[in-house]
Amino acid sequence: MPRAVRDETTARRSLRLLIVEDSAIVSTRLVAAVEGFAGIASVDVARDGAEAQQAFGGAGPDVVLLDLQLPDISGLDLLRRYKVLHPAGTVLVLTSFAFAQLRARCQALGADGFFDKVFEFDRAIEVIRHLGQAAVTGPEGATL
Amino acid sequence: MSATALINNVTLLVTLCAAYSAVSHRFGRETPGAKLIFGLVFGTTAVLAMMTSWTLRPGVVFDGRSVVVGLAGAFGGPLTGSIAAVLACGYRLWMGGSGAWTGCGVIASSAILGIGFRVLRGRWSALSGLPGLFGFGLIVHAVMLAWMLALPGGEGSEVIRSVAAPVLVALPAATMVIGGVLLGDERRARAQSELTQSEARYRAVFQNSLDGILLTTPDGSIRAANPEACRLFGRDEAELTRVGRDGVVDPSDRVLATALAERDRSGRYRGEVRLVRKGGTSFPAEVSSVVFQEPSGERFTSMVVRDVSERKRAEEELRRSEQRYRRLAARIETLREEERTRLSRQVHDELGQLLTGIKMDLRRVEQQLDTCADDPRLNPAVERLVAAGELVDTMVATVQRIASELRPGILDKLGLPLALQYEAGRCEERYGIPCWCIVPDDVPALPPETATALFRILQEALANVARHARATAVEIELTADVSRVTLEIRDNGVGMARSDPSSPTSLGLLGMAERARQVRGDLDFLVRPGGGTIVRVTIPATAPPGR
């Protein structure tokens, strides 16, 4: 699994972010966008469902930025599994198919955010920035 | 008239009847030869009658000749009547006496009246009965009495007075009785002739039928077979009679027992059974069989047999050909689907991701430039950047639309239920018809072929609704259990019209049915009670693809 960013020293308490995205073009830009955010201890990238499930093991990521269209398994299955393993973790869904029924389905499976990959990706990035801040300063220091 | 003469005349007339009957049996009735013989028989009888005549006075004799000659004309026609009259006249002239010419006149008038009576009874069948015959006899003998006035010496009126009563009673009665016997014989002969002709006609149908016909009995023996049956079974009639039903049916054919039971139950059977030719080769035959009863009470069965080997071969060939074309159509459809999947992925994954990357970069540059917002020189650059971002948005939307129209990635990546919901949303956008989609939360994973078939059937059904149904709402419902998955597309439109099977709509419906068939599913079009149509497709959930 490619490890994009690791900074063990920046935060008193910091978050591990996992980006699940099969396109390197997109994942590279997402990593670049969250780079340097306060409270983000590490950013990992999983290119498919298998890599993502491997990353879910152990303590697992605190925040998952999840693309639903993956080459091997359904992103919905991945969402369900992550939420079973880490009920307190945060999942932000980023998809090209942002339609109402899919949003409802994701929410039913426990997704914390649902964004159109092209038109709303910067909102997802913004949410990650806030989550990082909140991890550093406590919930009162950050607003979503 | 003396008793001896009476007895002699009665004997003669009875003999005449017997001779008439014998001749008509031997030679028929209507041939010129028969008519000639009848003439001779009647003439001879008349002569014999004159030989035993009753002499009223010298030269004036009475006998049964008028009866005989009259009946000769009435039953034999002009030729018979003429011959009988000539013979009788010849003999009467030879006898001589004062009444000879008057006697000949009586003979001639009797013959002519007889011929006339024959013509009349041909037109009015009511005359062919005992009253008619009596009336005929009355006229013949009234004319005979009139002839008496022509006797030489003016003795006619005295003769009439003395013989009128017996002549107008006894001789018409004799005419009636003998005529009745001849009439009965004539009727019997006619019935016999009609029967013979009828039998000949039916036999001709039997002999010349292009279907094999067997006359059989319910217990399985064969009584008669026509030439076509002999040709079909490769046996002559005697051989078929000997081997019976067991020799012509295929004992391994399970339909046979059912067919016989059906015939026993309902008295008839029509269907296909396997029959056997001499030598053991069997062939498929269409058989119709009926049980019937002869007037004698004996039960028979008819069996009409048609060899349908050729038709079966043609049907089989047609079936094979249809299967080949079905496989070809399925193969083309699969290739088309694969091609669409490949193109859709390339467009979505490659072009789509590239555009997403560009969009992200533009946004990032825009955000970075926002930090230098104080420098007004950057404003044009920021504006170009925003415009480029908008162009990219349009391109992304176009790429997503093209990819989805080829084959939505959702179907492969997220499964059928969400793909159905997505398509319902697109239907609403594209056609402006509100579309509700009801899918269960938990649908077992379907084989890709099944999911594809259901999705494409939905697309075609929605297109049909939009094109023809004039509906204002559509419901899509997917239900699934362990054994089957059912998709219903219900609209509230005007229903489906029966259209030309080659029209695009019909071909579209055929395409839907074929897609269902390829995954061993069933497609039904139902009329919705409140108006509208239900398209229902049911597919076994775990069926291997039918290809």
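The values are calculated or read from the model by the stated rules, or taken from the named source; none is laboratory data. Computed from a prediction, not measured in an experiment: that's the story for all the values here. Because the Cβ atoms are built from the backbone with ideal geometry, glycine has one as well, and the counts that use them run over all protein chains shown.
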Across region B:28-75, the tally of residues that are of a type in the set (Lys, Arg) and under 16 Å from B:Met144 (Cα atoms) stands at 1
Within region B:301-311, residues in contact with a strand residue (DSSP E or B) (Cβ under 6 Å, 6 or more places away or on another chain) and either in a strand (DSSP E or B) or of a type in the set (Asp, Glu) (or both) come out as B:Thr301, B:Ser302, B:Met303, B:Val304, B:Val305, B:Arg306, B:Asp307
> Among the residues of region B:216-226, is there at least one that is assigned to a helix (DSSP H, G or I) and surrounded by fewer than 19 Cβ atoms within 10 Å (Cβ to Cβ)?
Replying inline: no
Within region B:424-439, restricting to residues that are surrounded by 12 or more Cβ atoms within 10 Å (Cβ to Cβ) and assigned to a loop (DSSP other than H, G, I, E, B), the one that is farthest from the other protein chains (Cβ to nearest Cβ) is B:Ile433
A careful count of residues in region B:412-423 that are over 53 Å from the mean Cα position of the chain (by Cα) and either away from chain A (no Cβ under 11 Å) or not in a helix (DSSP H, G or I) (or both) gives 2
From the option list A:Ala111, A:Ala88, A:Ala135, A:Ala52, single residue qualifying as crowded, with 18+ Cβ neighbours inside 10 Å and part of a loop (DSSP other than H, G, I, E, B) is A:Ala111
Residue pairs within 8 Å by beta carbon, gap of at least six or interchain, first lying in region B:304-330 and over 30 Å from B:Arg263 (Cα atoms), second of a type in the set (S, T, N, Q) and modelled with pLDDT under 95, listed first then second, are B:Ala330/B:Gln518
Within region A:59-73, residues assigned to a loop (DSSP other than H, G, I, E, B) and away from every other protein chain (no Cβ under 14 Å) come out as A:Ala59, A:Gly60, A:Pro61, A:Asp62
Counting only residues in region B:358-400 that are exposed (fewer than 14 other Cβ atoms within 10 Å of the Cβ) and within 30 Å of B:Glu460 (Cβ to Cβ), the one nearest to the other protein chains (Cβ to nearest Cβ) is identified as B:Ala397
Counting only residues in region A:8-58 that are within 14 Å of chain B (Cβ to nearest Cβ) and modelled with pLDDT under 90, the one farthest from the chain's Cα centre (by Cα) is identified as A:Gly36
Is there a residue in region B:228-239 that is acidic (Asp, Glu), in a helix (DSSP H, G or I) and closer than 22 Å to B:Arg313 by Cβ?
yes
Across (1) more than 30 Å from B:Leu526 (Cβ to Cβ); (2) not in a helix (DSSP H, G or I), B:Gly389 clears everything bar (2)
Within region B:401-411, the residues that are over 55 Å from the mean Cα position of the chain (by Cα) and within 11 Å of chain A (Cβ to nearest Cβ) are B:Ala403, B:Ser404, B:Gly409, B:Ile410
Screening B:Val205, B:Val159 for residues that are hydrophobic (A, V, I, L, M, F, W, C), more than 27 Å from B:Phe38 (Cβ to Cβ), assigned to a helix (DSSP H, G or I) and at pLDDT 85 or above leaves only B:Val205
Selection from region B:270-298 of residues surrounded by fewer than 12 Cβ atoms within 10 Å (Cβ to Cβ) and either touching a residue at least 60 places away in the same chain (Cβ under 8 Å) or closer than 17 Å to B:Asp219 by Cα (or both) yields B:Phe292, B:Gln293, B:Glu294, B:Gly297, B:Glu298
Of the candidates A:Glu126, A:Glu140, the one satisfying the condition of being modelled with pLDDT of 90 or more and surrounded by fewer than 22 Cβ atoms within 10 Å (Cβ to Cβ) is A:Glu126
Of the residues in region B:465-497 that are among the basic types (Lys, Arg) and in a strand (DSSP E or B), the one that is farthest from B:Thr533 (Cα to Cα) is B:Arg484
message: I'd like to check something: does region B:477-484 contain any residue that is within 13 Å of another protein chain (Cβ to nearest Cβ) and either out of contact with any Cys (no Cβ under 7 Å at 6 or more places or on another chain) or of a type in the set (Ser, Thr, Tyr) (or both)?
response: yes
From the option list B:Leu36, B:Leu79, B:Leu40, B:Leu93, single residue qualifying as surrounded by fewer than 18 Cβ atoms within 10 Å (Cβ to Cβ), touching a Lys or Arg at 6+ places or on another chain (Cβ under 9 Å) and assigned to a helix (DSSP H, G or I) is B:Leu79
